[in-house]
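Step one of this worksheet: look at the structure below.
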Amino acid sequence: MKLATLKKGRDGELIVVSRDLTRGVSAADIATTLQQAIEAWDAVSPKLEARYAELNDGSAEGAFDLDPSALHSPLPRTYHWADGSAYLNHVKLVRQARGAELPESFWSDPLMYQGGGDKFLAPTEDIEAISEEHGIDFEGEIAVVTDEVPMAVTPEQAAKHIKLVMLVNDVSLRGLIPGELAKGFGFFQAKPASAFSPIAVTPDELGEAWQEGKVHLPLTVHLNGEKFGEPEAGPDMIFSFPQLVAHAARTRYLGAGAIIGSGTVSNPDPDGGPGKPVADGGVGYSCLAEVRMVEKILHGDSKTPFMRFGDRVRIEMFDRNGQSIFGAIDQQVVKYEPK
């Protein structure tokens, strides 16, 4: 099943989307918003599935052509947004670039930070930035949405609470990160609003690509129209989504609608190297910081700039037949002007 949210009021209007992403139909009579649907998932999901079947066979009343620009992030806001860092190649590169070793605990204890869930960007909404000097970066990731998760669940129990999957652009201001981390209290100003893919899908919609709580497909990233990366999301994800959810819920409950992110999708070279650009025959990258790290490791200096005003990033995932699964996050960076 594929779900989306029309831009309508603060929390939007829930719609069901056809498998090929061309058509939509309102689900407001079942649940007004996706948040309401998640909070009553066992009761409403069979009704949503029935409407999804009708939409795909052409019998749904009130169906309309889908306009991606009319869609918000599936959850325009949430009570809980936490992002992990399950791709240790990314973490290793970050630390290697500054001459630090990777602690052994990182292989058994996930990194995670809590982001701001009060306002997400729409998937085609501009990224407003105050200054290019802040080091504007995108991060292509995957995320899951849960129903209510009890405290201290096991990964096996957590898997049953994962209801939806979507993509993320976890926008980062790299120039602000070192100063914040040096305080020993984590990110805040360095993590502005994130954007999510226009479509959220149930795990079964991914078919064989959803295995062991991971998405086994490449994540495609374009920067200013050029392919920047296509790393595989499955093989190098050290911690599965059930493990990440269980980690987040170790000492607290997660409310329905909680979003847990994977961290930046990243692959090393088959020979163990730090990764190559697409132009050099590699799978590329899901963020600018990573290619800058590789440049520093290999050449002693970072040459690739962070995003500038006017730059555009597109993040998307396709099935093995070339069909877009989640639709595209397609955003341009613009200078923030107080309104």
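Pairs please, first residue from the stretch 311-322 and at pLDDT below 95, second anywhere and assigned to a loop (DSSP other than H, G, I, E, B), Cβ atoms under 9 Å, 6+ apart in sequence or on different chains.
Partner pairs satisfying both residue conditions: Arg320/Leu217.
Run down Gly207, Gly179 and say which single residue is over 28 Å from Glu49 (Cα atoms) and not aliphatic (A, V, I, L, M).
Being over 28 Å from Glu49 (Cα atoms) and not aliphatic (A, V, I, L, M) holds for just one of Gly207, Gly179, which is Gly179.
(1) out of contact with any Gly (no Cβ under 9 Å at 6 or more places or on another chain); (2) of a type in the set (D, E, K, R); (3) crowded, with 18+ Cβ neighbours inside 10 Å: which one isn't true of Asp83, the others all being true?
Against the list (1) out of contact with any Gly (no Cβ under 9 Å at 6 or more places or on another chain); (2) of a type in the set (D, E, K, R); (3) crowded, with 18+ Cβ neighbours inside 10 Å, Asp83 comes up short only on (1).
Restricting the stretch 238-259 to residues that are among the aromatic types (Phe, Trp, Tyr) and part of a loop (DSSP other than H, G, I, E, B), which is least open to solvent (accessible area, probe 1.4 Å)?
Of everything passing the filter in the stretch 238-259, Phe239 is least open to solvent (accessible area, probe 1.4 Å).
So which of Val145, Val91 ends up being among the β-branched types (Val, Ile, Thr), touching a residue at least 12 places away in the same chain (Cβ under 8 Å) and over 25 Å from Met307 (Cα atoms)?
Val145
Looking only at the stretch 155-170, count every residue that is open to solvent by 30 Å² or more (accessible area, probe 1.4 Å) and of a type in the set (S, T, N, Q) and tell me the total.
Number satisfying all stated conditions: 1.
Yes or no: the stretch 172-185 includes at least one residue that is buried (at least 20 other Cβ atoms within 10 Å of the Cβ), under 29 Å from Leu14 (Cβ atoms) and either modelled with pLDDT of 95 or more or in contact with a helix residue (DSSP H, G or I) (Cβ under 8 Å, 6 or more places away or on another chain) (or both).
No - not one qualifying residue is present in the stretch 172-185.
Assuming Gly284 fulfils every condition listed in (1) open to solvent by 10 Å² or more (accessible area, probe 1.4 Å); (2) modelled with pLDDT under 95 apart from one, which condition is it?
(1)
Which of the residues spanning the stretch 269-320 are touching an Asp or Glu at 6+ places or on another chain (Cβ under 9 Å), part of a loop (DSSP other than H, G, I, E, B) and under 27 Å from Ala122 (Cβ atoms)?
Correct list: Ser286, Pro305, Phe306, Arg308, Phe309.
Take the stretch 291-318 and flag every residue that is open to solvent by 50 Å² or more (accessible area, probe 1.4 Å) and of a type outside the set (Phe, Trp, Tyr).
Scanning the stretch 291-318 gives Arg292, Lys296, Ile297, Leu298, His299, Gly300, Asp301, Lys303, Pro305, Arg308, Arg312, Arg314.
Can you tell me which residue in the stretch 208-230 is least open to solvent (accessible area, probe 1.4 Å), limited to those that are in a loop (DSSP other than H, G, I, E, B) and touching a residue at least 60 places away in the same chain (Cβ under 8 Å)?
Of the stretch 208-230, the ones in a loop (DSSP other than H, G, I, E, B) are 212-213, 216-217, 224-225, 230.
Still in the running and touching a residue at least 60 places away in the same chain (Cβ under 8 Å): 217, 224-225.
On the way: Leu217: 5, Asn224: 82, Gly225: 66 Å².
Checked the stretch 208-230; the qualifying residue least open to solvent (accessible area, probe 1.4 Å) is Leu217.
Looking at the stretch 321-328, can you tell me whether even one residue there is open to solvent by less than 50 Å² (accessible area, probe 1.4 Å), among the polar types (S, T, N, Q) and assigned to a strand (DSSP E or B)?
Scanning the stretch 321-328, I find at least one residue that is open to solvent by less than 50 Å² (accessible area, probe 1.4 Å), among the polar types (S, T, N, Q) and assigned to a strand (DSSP E or B), so the answer is yes.
Would you confirm whether any residue within the stretch 263-270 is more than 23 Å from Ser108 (Cα to Cα), free of Cβ contacts under 8 Å to residues at least 24 places away in the same chain and not aliphatic (A, V, I, L, M)?
no
Conditions tested, residue by residue: (1) more than 16 Å from the chain's Cα centre (by Cα); (2) farther than 25 Å from Glu230 by Cβ; (3) aliphatic (A, V, I, L, M); (4) assigned to a strand (DSSP E or B).
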| position | (1), (2), (3), (4) |
| --- | --- |
| Gln96 | yes, no, no, no |
| Glu101 | yes, yes, no, no |
| Pro110 | yes, no, no, no |
| Lys119 | no, yes, no, no |
| Glu133 | yes, yes, no, no |
| Ile142 | no, no, yes, yes |
| Ala158 | yes, yes, yes, no |
| Gly186 | yes, yes, no, no |
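Taking the condition open to solvent by 60 Å² or more (accessible area, probe 1.4 Å), in contact with a His (Cβ under 8 Å, 6 or more places away or on another chain) and among the polar types (S, T, N, Q), does Gln114 pass? So that I can check it myself, show each step before the final result.
Numbers: open to solvent by 60 Å² or more (accessible area, probe 1.4 Å): yes; in contact with a His (Cβ under 8 Å, 6 or more places away or on another chain): yes; among the polar types (S, T, N, Q): yes.
Criteria met by Gln114.
The values are calculated or read from the model by the stated rules, or taken from the named source; none is laboratory data. Fair warning: this is a prediction, and the values are worked out from it, not measured in the lab. Reconstructed Cβ throughout: ideal geometry from the backbone, glycine too, with neighbour counts over all protein chains shown. Heads up: the accessible areas ignore ligands, DNA and RNA and are worked out on the full protein's heavy atoms, side chains in. Shrake-Rupley method; radii C 1.70, N 1.55, O 1.52, S 1.80 Å.
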